[in-house]
Amino acid sequence: MESSDVQRGRGRSPFDLIMNQIRRKRTTSDRKSTSGRFLSRQAESGGLPEDKETEEERDGAGVVHGPVDPAESVCDMGWGRVCVFVKRLGKRADSRTLSLAHCDLTATDVLELATLLPSLSLLEEMDLSWNELIGGCLRSLTSHLQNVGGLRTLRLSCCRLTADDITALGEALRCVPVLEVLDLSWNAGIGGSALQGIVGKLHPTLRELYLVACQLTETDATILGGIVSVLPRLCVLDVSCNPLLAHTQTEAEDGSMSKTEPGKGGVWGLGGLVPSLSHTPSLTTLRLHDCGLTTQSLSLLGGSFHCLRSLCQLDLSCNKGVAGGLSLLSPHLALLSHLGGLDLHLCCLTHTDLQALIQALPSLTELTELDLSSNKEVGGVVSDLVSALPLSQIKLLPLNGCSLNQESLSALALAMPYLWCIDVSWSKMVGGHLALLLEALQPSVTQELRLSSCDLTTDDLLHLAVVCKRGVLSSLRVLDLSYNGGVGEEGWCGLLGAGGLGSLEELDLSLRPLTSNPSPLTWLPTLLSAFPHLPALTRLSLQRWTLTAQEREQVNHALRKRKVLLELDPVPFASSANQEGLEEERCELEGLLFV
């Protein structure tokens, strides 16, 4: 009677039997090494894939595999080609995620990638962003998207896409019925009606749409309105950095259309988009940062809030044209019962605007983030602002560039115990009064403390050192003390020697860019001694401080085993006292980014 081994081996070629005998004699490390080489040869020549060792083989030395499935062999060959392609680009292969951003892909690479899609049938996410050379040849890829029908995320930002690319994409979208995220940001070629190529092509499953900095015009706003009107599950719509989006058109005597200033007659640009938002009841995030909004924009936008009751994040920042018109929007904010974040920074808000906003704040019971920074009039209403906010839940209230006064600081101190991020940069009044804010801090709450250009004094930093020593800032991750040249050596030494900053990741101690005589880093020994007590540090900025070649070497040596981004001035900009060693320093410290 034939043995079981021989029975199982029937139908196998002598080559297969010999190879299995050899494999059983290899060590684990040998098998891994040879397997990789065999897979590479197989990908190129189409040879048979190496059979995987089964549990049965490991337990019984005489057991061999059954016949090789041709379909499985072809699949392994295809995956081998994928691995080779991805590895060549410095990435790792993953059957569900293909991330090839910043890989300098060419048209040839895109064509090769297209041939690999049949081997990526499980793919759910594809990111080809920041590959500017693939613009104009996207059709060679999209014509094969039917092979990745389960794709849920597609990112093509900053690829120099053309109108033909968008048309090709639109034609292929029917093959990806479960797409949830589409990012076409930073493609200037999309502006000027190219969006027409995807009208009616997106499936209702889409949840996030990003069109940042695409040079969209008022015509595109109307087209975009048609796109979102059939996306009932849309949660995120980001059309930021499209300043022409709210421009208007007026009809000239000859019948031609010409651009006018936003809001001055004609057909307002966003009039074609905002009404369509009524078809997106699931919208949670709407970003209109730097879109050329006007007071008319606010009026129309406010009128749509009754259909956007799920909205959680609203960004209207960097739209200076809304100044004086916030009263047209504020009464409608009460309809947004789930609003958690409102961004109005750099909008040139007037005192009247701020009063209108303050009246609406009590109705925003879930608000946790309010950004009014870079609005100078805010400094005069901080007291009323803090009184109207639900302080116990406010986590983010940046007031940098708000012309704060001493009364403002006293009012802000009431909110300090709850804030994760504290930013009062560019407020000269903070200098000499920092203790007022620091004494209000609660332990392990603050994660970011930004005090750039605040005219801080040595005493201010000594107060900060005391707070650190008490452990109040043990959760702090970012500390920005840049552009405070008035602090003496005692202040820097006191802070760096205090400890209590074990979670700190970023530390900025730079001086002003226009400092004519950079200061010598006399407190360098204290800084070097502090490094062991800053285990989480990933970035250190010491720009405009003067370091000799020896001092630079000391800093580099102290951080040699850590991935810390060290920002120093280039050697040629060192002070005249170090000119003799410039050439030597330039050779020794050619790269100033220490990783």
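The values are calculated or read from the model by the stated rules, or taken from the named source; none is laboratory data. The structure presented is a predicted model; accordingly, all values stated were derived computationally and were not measured. Here the Cβ positions follow ideal geometry from the backbone for every residue, glycine too, while neighbour counts run over all protein chains shown. Note: accessible area is taken over every heavy atom of the protein model, side chains too, but ligands, DNA and RNA are not part of it. Shrake-Rupley method; radii C 1.70, N 1.55, O 1.52, S 1.80 Å.
Checking each residue of the range 542-549 against the condition of being aromatic (Phe, Trp, Tyr), closer than 20 Å to residue 494 by Cα and at pLDDT 95 or above gives no match. Hey, does the range 506-513 have a residue that's of a type outside the set (A, V, I, L, M, F, W, C), under 20 Å from residue 427 (Cα atoms) and in a helix (DSSP H, G or I)? There is no residue in the range 506-513 that is of a type outside the set (A, V, I, L, M, F, W, C), under 20 Å from residue 427 (Cα atoms) and in a helix (DSSP H, G or I).
Mind telling me which of the residues 309, 287 ends up being over 24 Å from residue 382 (Cα atoms) and surrounded by 19 or more Cβ atoms within 10 Å (Cβ to Cβ)? Only one candidate qualifies: 287.
Looking across the range 313-337, the residues that are surrounded by 20 or more Cβ atoms within 10 Å (Cβ to Cβ) and under 22 Å from residue 231 (Cα atoms) come down to 314, 315, 336. Does residue 373 qualify as being under 23 Å from residue 243 (Cα atoms) and in contact with a Pro (Cβ under 9 Å, 6 or more places away or on another chain)? Criteria met by residue 373. Residues in the range 133-168 that are of a type in the set (D, E, K, R) and either within 18 Å of residue 201 (Cβ to Cβ) or at pLDDT below 95 (or both): 139, 152, 155, 164, 165.
Residue count for the range 434-478, restricted to those that are assigned to a strand (DSSP E or B) and buried (at least 22 other Cβ atoms within 10 Å of the Cβ): 1. A count restricted to the range 386-403 and to residues that are of a type in the set (Gly, Ala, Ser) and either surrounded by fewer than 16 Cβ atoms within 10 Å (Cβ to Cβ) or within 17 Å of residue 341 (Cβ to Cβ) (or both) stands at 3. Identify all residues within the range 479-524 that are hydroxyl-bearing (Ser, Thr, Tyr) and closer than 19 Å to residue 539 by Cβ; write none if there are none. Selection gives 482, 483, 503, 510. Output yes when any residue across the range 484-494 is assigned to a helix (DSSP H, G or I), open to solvent by 20 Å² or more (accessible area, probe 1.4 Å), on the phi < 0 side of the Ramachandran plot and free of Cβ contacts under 8 Å to residues at least 12 places away in the same chain, and no when none is. Scanning the range 484-494 turns up no residue that is assigned to a helix (DSSP H, G or I), open to solvent by 20 Å² or more (accessible area, probe 1.4 Å), on the phi < 0 side of the Ramachandran plot and free of Cβ contacts under 8 Å to residues at least 12 places away in the same chain. Of note, residue 231 does not satisfy the criterion of being open to solvent by less than 20 Å² (accessible area, probe 1.4 Å), over 19 Å from residue 313 (Cβ atoms) and assigned to a loop (DSSP other than H, G, I, E, B).
Each row is one residue, and each column tells you yes or no for (1) buried (at least 19 other Cβ atoms within 10 Å of the Cβ); (2) within 22 Å of residue 286 (Cβ to Cβ); (3) free of Cβ contacts under 8 Å to residues at least 12 places away in the same chain.
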residue: 339; (1), (2), (3): yes, yes, no
residue: 348; (1), (2), (3): no, yes, no
residue: 360; (1), (2), (3): yes, yes, no
residue: 363; (1), (2), (3): no, yes, no
residue: 375; (1), (2), (3): yes, yes, no
residue: 382; (1), (2), (3): yes, no, no
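Determine, yes or no, whether residue 469 is more than 20 Å from residue 382 (Cβ to Cβ) and basic (Lys, Arg). The answer is yes for residue 469. Here the range 295-344 is the region considered, the condition is being under 17 Å from residue 241 (Cβ atoms) and among the polar types (S, T, N, Q), and the residue that is modelled with the lowest pLDDT is 297. Summed over the range 530-544, the residues that are open to solvent by 20 Å² or more (accessible area, probe 1.4 Å) and under 23 Å from residue 485 (Cβ atoms) give a count of 3.
Report whether or not residue 300 is in contact with a Cys (Cβ under 7 Å, 6 or more places away or on another chain) and open to solvent by 10 Å² or more (accessible area, probe 1.4 Å). No; evaluated as a whole, the condition is false for this residue.
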